[in-house]
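K.L.:
A single structure is presented below for examination.
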Amino acid sequence: MFVVCVVPSSSLSRRFVRIGPYVLSNALVVAPMAGVTDRPFRQLCKRLSAGYAISEMVGADPRLRHTEKSRRRLDHRGEFPPTAVQIAGADPRMLADAARYNVARGAQVIDINMGCPAKKVCNVAAGSALLSNEPLAEAIVAAVVAAVDVPVTLKIRTGPTLETRNAMAIARMAERAGVAALAVHGRTRACAFVGAVDYETIRAVKATVRIPVIANGDIDSPRRARDVLALTGADGLMIGRAAQGRPWIFREIEHFLATGEELPAPTVAEARALIIEHLDDHYAFHGEDVGVRTARKHLGWYTESLAGGALFRSEVNVAQTSVDQVAIVERYFDGLAAESERLIYETKYAHSAAVRALPHTQRMPIQNRAPWVGEALAA
Ligand SMILES: Cc1cc2nc3c(=O)[nH]c(=O)nc-3n(C[C@H](O)[C@H](O)[C@H](O)COP(=O)(O)O)c2cc1C
């Protein structure tokens, strides 16, 4: 049990994270999320004060490289540096090769996925399954670090199970092997996304190594961000689900850490403009057909806790073209603007614990789920 000591906010705001030669503009990181953190979304979060973002994972298997999906995941054009690509796999040589391949295509940092609990990943003993095989985890880290001359970072969980938490051993191994920074999701592989986040183990990891440690798990408000920094002593914070539909959370947290004051919610006019810019970038990146289909989940998140959101979604989810989708978004936000100047969430935060505890199927229409999400959340 820790006592939260309230560190003066100004000292928190002065934190900086160095990843190899890169000093991040702040300590707030967009978590890698398959099917979510594509280039348009990463760029949007960076514009809204995220200091750093990691791409969706790309499989190390070279046979997967030529799919349209992989091609898009390698596209970093226009993204604020440093661009970081996460690779996933279980074979050291394949991962080393994937690291070289991505660096040749513009990745400035390589992140290794040892945090993902999805069956699709873990069935081939990759992702967080590697935490159960420390020698293999070490061989992978050593092979990737040796393969590229850019910083290599690692994302882990606290261990395979609550009884076998080995994050400290993995962290020491990673530091010895030359890893530049470590992100720790404070749950075990077995816990998937269920149960309280174990910030104490993150704190223990931070106390064990000298490389930057980034705390991850359930950070969904500026106050929570401050408390997690104080509890863990971490160098940075990684935010995933709370940024879905609320990319301005990075700005809110940055402001709160710097001043101790909460920013008001965005104005409806600003949110409308940001969402439409996001949509335009999303369609340009994914193309009309895929773009219209995959934009639905973002629109679901944007309106999850807003008045009239359910009705909006029932309408926008059947729109078949980007022109129709944008027109419905404009109409909806114009209606909201007539009611209030700023966004009003039905819950204080769109992604409060209560909302996120709902089965995923209740949060958005089933046809909009990324297959990865279904597997991970069902695990
Ligand atoms: C939809 C979704 C996709 C994810 N994809 C990845 C991934 O590709 N690689 C990874 O390391 N973690 C992935 N994660 C885990 C997140 O990076 C993060 O560790 C987790 O969501 C906990 O942080 P949060 O509570 O801030 O969401 C994913 C999580 C979600 C919800």
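Yes or no, residue by residue, for (1) charged (D, E, K, R); (2) under 21 Å from residue 238 (Cβ atoms); (3) in a strand (DSSP E or B); (4) within 16 Å of the ligand (Cβ to nearest atom):
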position	(1), (2), (3), (4)
53	no, yes, yes, yes
57	no, yes, yes, yes
96	no, no, no, no
111	yes, yes, yes, yes
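K.L.:
Among the residues of the range 223-237, write down those that are over 15 Å from residue 198 (Cα atoms) and over 17 Å from the mean Cα position of the chain (by Cα). Let's see the steps before the verdict.
P.N.:
From the range 223-237, those over 15 Å from residue 198 (Cα atoms) are 223, 226, 235-236; that's our starting set.
Residues satisfying the conditions are 223, 226.
K.L.:
Could you tell me whether residue 189 is of a type in the set (D, E, K, R) and modelled with pLDDT of 95 or more? Let's see the steps before the verdict.
P.N.:
On the way: of a type in the set (D, E, K, R): yes; modelled with pLDDT of 95 or more: no.
When the stated conditions are applied, residue 189 does not pass them.
K.L.:
Out of 159, 78, which single residue is surrounded by fewer than 20 Cβ atoms within 10 Å (Cβ to Cβ), out of contact with any Phe, Trp or Tyr (no Cβ under 8 Å at 6 or more places or on another chain) and assigned to a loop (DSSP other than H, G, I, E, B)?
P.N.:
After ruling out the rest, the residue left standing is 78.
K.L.:
Among what's in the range 256-267 and is of a type in the set (A, V, I, L, M) and in contact with a Ser or Thr (Cβ under 7 Å, 6 or more places away or on another chain), pick the residue that is farthest from residue 297 (Cα to Cα).
P.N.:
First pass over the range 256-267, keeping only residues of a type in the set (A, V, I, L, M): 257-258, 263, 265.
Now restrict to residues that are in contact with a Ser or Thr (Cβ under 7 Å, 6 or more places away or on another chain): 257-258.
Details: 257: 30, 258: 32 Å.
Selected residue: 258.
K.L.:
Kindly list, by first and then second residue, each pair from a residue in the range 60-86 that is small (Gly, Ala, Ser) to a residue that is part of a helix (DSSP H, G or I) and more than 16 Å from the ligand (Cβ to nearest atom), limited to pairs with Cβ atoms under 6 Å and residues at least 6 apart or on different chains.
P.N.:
Close Cβ pairs (under 6 Å, with a partner that is part of a helix (DSSP H, G or I) and more than 16 Å from the ligand (Cβ to nearest atom)) amount to 60/94.
K.L.:
Out of curiosity, is residue 104 free of Cβ contacts under 8 Å to residues at least 24 places away in the same chain, among the hydrophobic types (A, V, I, L, M, F, W, C), more than 26 Å from residue 215 (Cβ to Cβ) and away from the ligand (no atom under 14 Å from the Cβ)? Before you say what the answer is, go through the steps one by one.
P.N.:
Working: free of Cβ contacts under 8 Å to residues at least 24 places away in the same chain: yes; among the hydrophobic types (A, V, I, L, M, F, W, C): yes; more than 26 Å from residue 215 (Cβ to Cβ): yes; away from the ligand (no atom under 14 Å from the Cβ): yes.
For residue 104, the condition - free of Cβ contacts under 8 Å to residues at least 24 places away in the same chain, among the hydrophobic types (A, V, I, L, M, F, W, C), more than 26 Å from residue 215 (Cβ to Cβ) and away from the ligand (no atom under 14 Å from the Cβ) - is met.
K.L.:
Report whether or not residue 29 is closer than 23 Å to residue 213 by Cα, touching a Phe, Trp or Tyr at 6+ places or on another chain (Cβ under 9 Å) and not basic (Lys, Arg).
P.N.:
Values: closer than 23 Å to residue 213 by Cα: yes; touching a Phe, Trp or Tyr at 6+ places or on another chain (Cβ under 9 Å): yes; not basic (Lys, Arg): yes.
Spelling it out, residue 29 is indeed closer than 23 Å to residue 213 by Cα, touching a Phe, Trp or Tyr at 6+ places or on another chain (Cβ under 9 Å) and not basic (Lys, Arg).
K.L.:
Which fully enclosed helices (runs of 4 or more DSSP H) of the range 285-379 have 2 or more residues being away from the ligand (no atom under 14 Å from the Cβ) and modelled with pLDDT of 80 or more? Show your work before the answer.
P.N.:
Values: elements: 288-302, 309-316, 322-339, 353-356, 360-363, 371-378.
By residue number, 288-302, 309-316, 322-339.
The values are calculated or read from the model by the stated rules, or taken from the named source; none is laboratory data. Model, not experiment: these values are computed from the prediction. For neighbour counting, all protein chains shown are included, and Cβ atoms are generated from backbone atoms with ideal geometry for every residue, glycine included.
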